[in-house]
1. Grab the DSSP H runs of the chain that are 4 residues or longer, score each as -39,500 (n - 2.57), total them, divide by all residues and round the 222 nm result to the nearest 500 deg cm²/dmol.
2. Rounded to the nearest 5, what % of the DSSP beta bridges within the chain are antiparallel ones?
3. In what sequence do 199, 48 fall when counting other Cβ within 10 Å, fewest first?
4. Go ahead and run the numbers for FRET between residue 306 and residue 93, Cβ-Cβ distance against an R0 of 45 Å, rounding to 0.05.
5. Considering the chain as a Gaussian network with a 10 Å cut-off on Cα pairs, which listed residue, 53, 338, 163, attains the greatest mean-square fluctuation?
6. Starting with the fewest neighbours, write out 323, 297 ranked by other beta-carbon atoms found within 10 Å of each beta-carbon.
7. Hey, could you pull the Cα Rg and Dmax for the chain, both in Å?
8. Would you work out the charge dipole size for the chain about its Cα centre, treating the Cβ of every Lys and Arg as +1 and the Cβ of every Asp and Glu as -1, and quote it to the nearest 20 debye?
Amino acid sequence: AGFLALSLGLAGCSFTTPQSSLDPKGPVAREQLDLFYLTVWVCLGIFILVGGALVWVVIRFRERPGDDAKPMPSQGHGNPMIEIGLIGGSIFLLVIIAIPTLRAIWFTQGLPEDKPYYEESKLGTYIKGELAPEEKDNVLEINVYGWQWWFAFEYPQLGFTTANEFVMPVGKVVKFNLKGRDVIHSFWLPKLGGKVDIIPGRKNWLWLMADEEGYYFGQCAEYCGAAHAYMLFRAEVVSEDKFNEWVADYKQGAAAPSGFTAKPTAENPHPTNQDNWTAWAKQNAQDPQSLPQDDATKGAQVFMGKGKCIVCHTIDSSPAGGTIGPNLTKLGQRKSVAAGILNHYTEDGGLDEAKQAENLLNWVAYSHRYKPDNIMYYQMGAGLADLQYQGLTYADLSK
Ligand code: CUA
């Protein structure tokens, strides 16, 4: 019992932790857990039989006083019936495990089309490439890019990208295309399913579905360098209405600082966020002092400054279009920074804004303390720590 408890403890198999694969919240995770339990029970049965036989033999045939005086026991060589029985029994047990394993592989590849969610999403037809173009939106696709040490999540059908936290609708089939770019990573959302390796040059994929709304914890599950243990991600599962709202909001990109608006013209009576940012950037280049001197503007001036954040990061609609680091559009909505290392979610799944401001400051200024070897620290180094001595707050970055 002690050994079993220790094994479970070392394996991190608590039922209650946010990353427990023993608490499935979707069909793929459930299928995988059923298979896991079947294998565990079969192996436990074999362990008890073999271990029990061993213990029995050791006790039954132990050395006793006076053994030396007894004649040698009869020396047999092999027993065809026992050998056939052992081979037959082993084959039987392997088949017992193999049938549900094959069924689970079939299932996670989305192929039995009679499952209700497959019928609705037509996932199997989709995978076989036989789905009509107008039906393609039945399956939400998310392209997952693994980087050292963070995740990018691209919505190819919707035309935008986010990082380290993504949003998906509850009760819908989502197909994840896993795209490797640097080294091998692995995509694992324990409560929903996984894990599948992200391998450069290979088209790996998996589908997942969530039964319940919530904030799910994911993790890179393949050793990928110094900060592998710090390569986490989150999935926010929301109702379909909320998802559509999020999509509409995200598509607009970020608003310009302090509600800055471009002057409407006859050709463009309703300036977009992008127009506002363009006008903001122009005014910032010509006469930065003429902009409102509030935190949001100061933050944006630092972010968009020469050789600063803008070089590596994108914020949709803004002049920032760097592609080396995570896309930071709507960063303020995310409940963690540094790929799940610094968290600011509340017990009820909300956002702790004070903690968020503190986390952003710590991450930007001292990222090497939280994620050794990260590129941002080596590129910007002490330059980032210097920023705080200029009396700036980073809370505004979140806006
Ligand atoms: Cu990426 Cu481990």
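1. Counting only the DSSP helices, I get -12000 deg cm²/dmol.
2. Here the antiparallel bridges make up roughly 70 percent for the chain.
3. Details: 199 17, 48 10.
With the fewest neighbours first, 199, 48 line up as 48, 199.
4. Values: r = 67 Å, r/R0 = 1.49.
Plugging the Cβ-Cβ distance into 1/(1 + (r/R0)^6) gives 0.10.
5. In this elastic network of the chain, the residue with the biggest mean-square fluctuation among 53, 338, 163 is 53.
6. 323, 297
7. 28.3, 115
8. In debye, rounded to 20, the chain gives about 980.
Rule-based calculations on the coordinates, nothing more; no lab input. Since the structure is predicted, the reported quantities are computational estimates derived from the model, not experimental observations. Don't worry about glycine lacking a Cβ; one is built from the backbone with ideal geometry, like all the others, and counts go over all protein chains shown.
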